[in-house]
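In what follows, a single structure is set out as structure tokens and then discussed.
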Amino acid sequence: MAQLWGGRFTKETDQMVYDFNASIGFDKRLYRQDIEGSRAHVKMLGKQGILTQEEVEAILSGLDSILEDVEGGRLPITNQYEDIHSFVEANLIERIGDAGKKLHTGRSRNDQVALDMKLYVREEVKRTDGLLKDLLQELLAIMEGNLSTYMPGFTHLQKAQPITLAHHMGAYYEMFRRDRTRLSDIYRRMNVCPLGSGALAGTTYPLDREYTAELLGFAGATLNSMDSVSDRDYLIEYLAALSTIMMHLSRFSEEIILWNSNEYRFVEIDDAYSTGSSIMPQKKNPDIAELVRGKTGRVYGALMSLLTTMKGIPLAYNKDMQEDKEMAFDAIDTVQTCLPLFTGMIATMKFQNSVMEESAKKGFTNATDAADYLVNRGVPFRDAHGIIGRLVLLCIEKGCALDDLSMEEYKEASQVFEKDIYEAISMETCVGKRLTKGAPGMEAMQEAIRIYREELERD
Ligand code: ARG
């Protein structure tokens, strides 16, 4: 047991209490952020004349050697320390002696941990954004190559109207594009430095908080020290953004699982991203997509957990807040694993273009266009709807598509039909005419893609 606060105690902490209280088991992943924060703090103390230049130099080189040794595997972070802050400070004192004892001047673990966690989350927000960008690049490449790959668009999981694969992928593009904007909002809002808030009420030392903030790449220092040590909003927002990303990945996974099924056969997941069955030799299962869908639950769990932890905490710091870490780390790890796996899966997945197109035709997705054909030739919409409905019924009996009916059959249903009906209900025409902004028609899609390309090249 190594702790920073034995002075006013007359008894040793009970071992079970010590273990229950300790956070080193999981906050050890913050060692880099903890050292980075301490470096900035000490430089600021030096600039303000609170520590001498020699003390600052000694502390900085001590901190650097700890960082090197941890990263080189020479200094294991063991449970002998209560938390990562105690670990770094104890090792510093061991290495440089008395100067090390001055590191914590004008600082509390409360503002220290608030800083460490913020530094960590700030990096992860950036990393998540990069992974989303990789996914968007992949999606955009699929879109660009499939502007006239026709497929059914669904509502109620019933074939509705013809679209293209580019358009369908474009819907997911929009979701992940919004996710990126959520992350940049969070980054901007969270990018203020809590260090220098002390335990809760600031400090009497003449700290230059703006200087520390600048050293750590923050836009500025926070304005209320009590809020600074007890704010975890940014983490809640990040977990909400991660939950939304997982919700999107999960919907996408669900479609891929359906599309990969024997019944759909719209796609074939690459062997490298599928798994077999231990008993059924014919099986090739979409486990990756299923796991991504499944893991969505634990990310939501982290969000619910933190919201619940925070809801009853009075100002300012309370130990409950140590619970902000484990599930958040798990959620972050989960998303950072799912995103690249998912990108790899769709990059290697084969789309069965002809199956998709056949499915669009057989599913009467051009029925609306057939009704519009009549409307454009003076038939009231309600009558047109009825005429096409009867033709669909005929097709179902014959097991064919609207495109396969003969001219006589069309004429029998309505004299208004002419030979140009076939052209009017072809996939090319049905999709090609849909040119409203955001629609699947070629020019409309090209315009969207142009905007996406430009955006991706910008950042
Ligand atoms: N391990 C603590 C946490 O994660 C660090 C802050 C401890 N502060 C305190 N006053 N006990 O929140």
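Tell me the carbon and sulfur percent of the accessible area for the chain, rounded to whole percent, probe radius 1.4 Å.
Whole-percent figure for carbon plus sulfur exposure: 52.
Using only alpha carbon pairs under 8 Å that are at least six residues apart, calculate the relative contact order of region 26-105 and give it in whole percent.
Answer for region 26-105 is 37 percent.
Return the percentage of antiparallel bridges among DSSP beta bridges fully within region 147-245, rounded to the nearest 5 %.
That works out to approximately 75 percent antiparallel.
For the chain, which span is the longest to avoid every loop-located (per DSSP) member of GluC sites (Glu not before Pro) having at most 16 other Cβ atoms inside 10 Å?
The answer is 13-262.
After finding the eigenvalues of the alpha carbon gyration tensor for region 290-349, what semi-axes result from the square roots of 5 times each, listed largest first in whole Å?
Result for region 290-349: semi-axes of 32, 10, 7 Å.
So what's the angle, to the nearest 10 degrees on a 0 to 90 scale, between helix 442-458 and the longest Cα principal axis of the chain?
Approximately 10 degrees, to the nearest 10.
Using only alpha carbon pairs under 8 Å that are at least six residues apart, calculate the relative contact order of the chain and give it in whole percent.
Reported as a whole number, the value is 16 percent.
Starting from region 21-89, pick out the trypsin sites (Lys or Arg not before Pro) whose DSSP state is loop and whose Cβ has at most 15 other Cβ atoms within 10 Å.
74
Tell me the label-point distance for the pair residue 223, residue 383, using the 7 Å Cα-to-Cβ offset, in nm and rounded to one decimal.
Spacing of the two 7 Å Cα→Cβ label points: 6.9 nm.
For the chain, what is the convex hull volume of the alpha-carbon atoms per residue, in Å³?
Hull volume normalised by residue count: 199 Å³.
Which residues make up the longest stretch of the chain that has no chymotrypsin sites (Phe, Trp or Tyr not before Pro) in a DSSP loop with at most 13 other Cβ atoms within 10 Å?
Of all site-free stretches, the longest is 10-459.
Quick check for you: with a 1.4 Å probe and neighbouring chains kept, what is the accessible area per residue of the chain, in Å²?
48 Å²
With equal scatterers on the alpha carbons only and no solvent term, can you work out the Debye log10 of I(q)/I(0) for region 29-133 at 0.10, 0.18, 0.24 1/Å?
Reported log10 I(q)/I(0), two decimals: -0.30, -0.87, -1.34.
Please state the charge dipole magnitude for the chain, taken about the Cα centre, from unit charges on C-beta atoms (+1 on K and R, -1 on D and E), reported in debye and rounded to the nearest 20.
Using only the charged Cβ atoms, the result is roughly 620 debye.
How about region 260-346: which trypsin sites (Lys or Arg not before Pro) there lie in a loop by DSSP and see at most 11 other Cβ atoms within 10 Å?
283, 311
If each residue of separation counts as 0.36 nm, what is the full-extension length gain between residue 280 and residue 29 once their alpha-carbon separation is subtracted?
86.1 nm
With all protein chains present and a 1.4 Å probe, how do 70, 355 order by accessible area, largest first?
From most accessible down to least: 355, 70.
Counting only DSSP beta bridges with both residues in the chain, what percent are antiparallel, rounded to the nearest 5?
So the antiparallel bridges amount to about 75 percent of the total.
Pop out the Kirkwood hydrodynamic radius of region 313-433 from its pairwise C-alpha distances, inverse of mean 1/r, in Å to one decimal.
18.7 Å
Tell me, how many Å apart are the Cα centres for region 1-63 and for region 393-459?
67 Å
Which value in deg cm²/dmol, rounded to the nearest 500, describes the helix-derived mean residue ellipticity at 222 nm for the chain, given -39,500 (n - 2.57) per DSSP H run of n ≥ 4 and division by the residue count?
Computed ellipticity for the chain at 222 nm equals -20000 deg cm²/dmol.
In whole Å, what three semi-axes, largest first, describe the equivalent ellipsoid of region 152-297 built from its Cα gyration tensor (square root of 5 times each eigenvalue)?
Over the Cα atoms of region 152-297, the semi-axes work out to 48, 18, 12 Å.
The values are calculated or read from the model by the stated rules, or taken from the named source; none is laboratory data. Computed from a predicted model, the values in this text were never measured in an experiment. Quick reminder, even Gly has a Cβ in these numbers, built from the backbone with ideal geometry, and neighbours come from all protein chains shown. Each accessible area value is taken on the protein alone, full model and side chains, heavy atoms only, with ligands, DNA and RNA left out. Shrake-Rupley method; radii C 1.70, N 1.55, O 1.52, S 1.80 Å.
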